[in-house]
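Enquirer: My questions all concern the structure below.
The values are calculated or read from the model by the stated rules, or taken from the named source; none is laboratory data. Since this is a predicted model, take the numbers as computed values, not measurements. A quick note on method: Cβ atoms are made from the backbone with ideal geometry, for glycine too, and the neighbour counts reach across all protein chains shown.
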Amino acid sequence: MPEPATDLLPRLGAFARLLHDAGLEAGPRRLTDATRALVYIDLKQQADFRHALRSVFVSRKEDLPTFDAAFDIFWSPPDPRATAGVIPGRSRSLPLPPERAKAWSAALGLNSSQMNREQDPTVVPASSSGYSREELLRQKDFEQMTWEETEQVRRLLEEAPWRVAERKTRRLRAARAGSIDLRRSARHAIRSSGELMRLFYRRPRVRRRPLVLICDVSGSMERYSRLLMIFAHAIARREDLEAFVFSTRLTRITRLLRYRDLDRALDSVSKGVHDFSGGTRIGDALSDFNRHWARRVLGHGAIVIIVSDGWDRGDPARLTAELIHLRRSSHRLIWLNPLLGSEGYQPLTRGMAAALPHCDDFLAAHNLQALDDLGRLLAGLDRRSRFR
């Protein structure tokens, strides 16, 4: 917390720039409102200071975690007992692009891992003769990890700065540039005796695209199931996610992943899903999804992610038909296969061979680095040409 005697305006402007880089609306108008709000509070009270800024800069519920993480990093006082960049009791990170994360880390005197977990693979610590321990962990296959390494991956997944690409909505908001808002301009003209003194503008609001995760938990995927559930829980904490698992039948686990405590969430999933490590019928599961859930969860340009190794006991023709239907209903269809990271792997199983022509992206999911690559793809999705 800053002292009341200090000049807050430069620091408040820097904080607004940090929020802007993290994806929040923090333009000059918001900054002016924040300056006015601070006049009515006691700056010595940290809770009042936080709530005043939050009321100005946060307009959507999903932006609360981002604001809290930025506030903790920017305004927390330095602790002489802590190492650089470490804030005691705080483990959240900001969803910043890598280059902006490095710039802010240098400006605030933080370790780059505190701002953004995406490290530069070409940078190696001076005390190391090769890759860092965390970098080696990112490259290690989930199947070969010990329990302690799994717990480290769990922490990294929870702190990973996921940020899904945004889409334009039909709702409009006031803006400094864009199309002319005739209604607002006319209302303002009426107040000035019919003289058109000022033109107002508007542009579409943007929202992040919803995600739909359909995960295979059959016997052949057993060694990856736990980490994939941790992955699903980490996304559900920060994105609009609908999650399903299947083996011989489809089960929706969206509500089960809403528990903040990970262990409680995983326990509820294990109790709520009755066909873990069973057979695999991908076509039947997707048929159930298309029939009962597609209309409910595939609106607003949803991105569908299927996680499976492609081993299927069902009819390949049915799988093909259901994937064609699913692809038409989604903005993008991504297939993650843990076996794709294995040396010499080829998608020759009948399930994978039937599915591959109907997927927009075919990616690996065997280690943490592969999931980071997925995150970067989702963040830049609208900047990529869509070829189907």
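Enquirer: Given the condition polar (S, T, N, Q) and in contact with a Gly (Cβ under 7 Å, 6 or more places away or on another chain), answer yes or no: does some residue in segment 216-239 qualify?
Expert: The initial filter retains those residues of segment 216-239 that are polar (S, T, N, Q), namely 218, 220, 225.
With in contact with a Gly (Cβ under 7 Å, 6 or more places away or on another chain) added as a condition, the list becomes 218.
Scanning segment 216-239 turns up at least one residue that is polar (S, T, N, Q) and in contact with a Gly (Cβ under 7 Å, 6 or more places away or on another chain).
Enquirer: Conditions first: (1) of a type in the set (Gly, Ala, Ser); (2) surrounded by fewer than 19 Cβ atoms within 10 Å (Cβ to Cβ); (3) at pLDDT below 90. Gly351 passes all but one, so which condition is the exception?
Expert: Among (1) of a type in the set (Gly, Ala, Ser); (2) surrounded by fewer than 19 Cβ atoms within 10 Å (Cβ to Cβ); (3) at pLDDT below 90, the lone unmet condition for Gly351 is (2).
Enquirer: So for segment 350-369 (the condition being acidic (Asp, Glu), within 30 Å of Lys168 (Cβ to Cβ) and either in contact with an Asp or Glu (Cβ under 9 Å, 6 or more places away or on another chain) or not assigned by TED's automatic domain parsing to the domain that holds Arg226 (or both)), does at least one residue qualify? Steps first, answer last, please.
Expert: Quick first cut of segment 350-369, residues acidic (Asp, Glu) only: 360-361.
Subset that is within 30 Å of Lys168 (Cβ to Cβ): 360-361.
Subset that is either in contact with an Asp or Glu (Cβ under 9 Å, 6 or more places away or on another chain) or not assigned by TED's automatic domain parsing to the domain that holds Arg226 (or both): none.
No, there is no match, as no residue in segment 350-369 is acidic (Asp, Glu), within 30 Å of Lys168 (Cβ to Cβ) and either in contact with an Asp or Glu (Cβ under 9 Å, 6 or more places away or on another chain) or not assigned by TED's automatic domain parsing to the domain that holds Arg226 (or both).
Enquirer: Continuing with the same structure: Where the second residue is modelled with pLDDT of 85 or more and assigned to a helix (DSSP H, G or I) and the first is over 28 Å from Ala101 (Cβ atoms) and among the charged types (D, E, K, R) and lies in segment 18-47, which pairs have Cβ atoms under 8 Å and are six or more apart or on separate chains?
Expert: Cβ pairs passing all conditions: Asp42/Asp48.
Enquirer: Exactly one of (1) free of Cβ contacts under 8 Å to residues at least 40 places away in the same chain; (2) buried (at least 20 other Cβ atoms within 10 Å of the Cβ); (3) aromatic (Phe, Trp, Tyr) is unmet by Tyr259. Its number?
Expert: Condition (2) is where Tyr259 drops out.
Enquirer: Which of the residues spanning segment 201-252 are out of contact with any Leu (no Cβ under 9 Å at 6 or more places or on another chain) and part of a loop (DSSP other than H, G, I, E, B)?
Expert: Within segment 201-252, Ser218, Arg238, Ser247, Thr248, Arg249 meet the criteria.
Enquirer: State all residues of segment 253-271 that are outside any helix (DSSP H, G or I) and either touching a helix residue (DSSP H, G or I) at 6+ places or on another chain (Cβ under 7 Å) or within 12 Å of Ile214 (Cα to Cα) (or both); if no residue qualifies, say none. Give the derivation first.
Expert: First pass over segment 253-271, keeping only residues outside any helix (DSSP H, G or I): 253-254, 259-261.
Passing the criteria: Ile253, Thr254, Tyr259.
Enquirer: For segment 300-319, what are the residues that are free of Cβ contacts under 8 Å to residues at least 60 places away in the same chain and either crowded, with 17+ Cβ neighbours inside 10 Å or not assigned by TED's automatic domain parsing to the domain that holds Leu227 (or both)?
Expert: Of the residues in segment 300-319, the ones free of Cβ contacts under 8 Å to residues at least 60 places away in the same chain are 310, 312-319.
Gly310, Asp312, Gly314, Pro316, Arg318, Leu319 - these are the residues of segment 300-319 that are free of Cβ contacts under 8 Å to residues at least 60 places away in the same chain and either crowded, with 17+ Cβ neighbours inside 10 Å or not assigned by TED's automatic domain parsing to the domain that holds Leu227 (or both).
Enquirer: Could you grab me the full set of residues in segment 216-245 that are in contact (Cβ under 8 Å) with a residue 40 or more places away in the chain and in contact with a strand residue (DSSP E or B) (Cβ under 7 Å, 6 or more places away or on another chain)?
Expert: Result: Asp216, Val217, Leu228, Ile235, Glu239, Asp240, Glu242, Phe244.
Enquirer: Could I ask something else about it? Any chance segment 182-193 includes a residue that's part of a helix (DSSP H, G or I) and either under 20 Å from Leu257 (Cα atoms) or among the polar types (S, T, N, Q) (or both)?
Expert: At the first step, the residues of segment 182-193 found to be part of a helix (DSSP H, G or I) are 182-191.
Right, trim to either under 20 Å from Leu257 (Cα atoms) or among the polar types (S, T, N, Q) (or both) and you get 185.
Looking for residues that are part of a helix (DSSP H, G or I) and either under 20 Å from Leu257 (Cα atoms) or among the polar types (S, T, N, Q) (or both), one finds at least one in segment 182-193, hence yes.
Enquirer: In this structure, is Thr320 out of contact with any Lys or Arg (no Cβ under 9 Å at 6 or more places or on another chain), closer than 14 Å to Thr349 by Cα and of a type in the set (S, T, N, Q)? Step through it out loud before you land on a result.
Expert: On the way: out of contact with any Lys or Arg (no Cβ under 9 Å at 6 or more places or on another chain): yes; closer than 14 Å to Thr349 by Cα: yes; of a type in the set (S, T, N, Q): yes.
Against the criterion (out of contact with any Lys or Arg (no Cβ under 9 Å at 6 or more places or on another chain), closer than 14 Å to Thr349 by Cα and of a type in the set (S, T, N, Q)), Thr320 qualifies.
Enquirer: Surrounded by 12 or more Cβ atoms within 10 Å (Cβ to Cβ), at pLDDT below 80 and not charged (D, E, K, R), is that true of Ser55? Talk me through it step by step, then tell me what you get.
Expert: Details: surrounded by 12 or more Cβ atoms within 10 Å (Cβ to Cβ): yes; at pLDDT below 80: no; not charged (D, E, K, R): yes.
No, not satisfied.
Enquirer: Which condition number does Val297 fail, the rest of (1) buried (at least 18 other Cβ atoms within 10 Å of the Cβ); (2) in contact with a helix residue (DSSP H, G or I) (Cβ under 8 Å, 6 or more places away or on another chain); (3) under 13 Å from Leu250 (Cβ atoms) being met?
Expert: Checking Val297 against (1) buried (at least 18 other Cβ atoms within 10 Å of the Cβ); (2) in contact with a helix residue (DSSP H, G or I) (Cβ under 8 Å, 6 or more places away or on another chain); (3) under 13 Å from Leu250 (Cβ atoms), the one that fails is (2).
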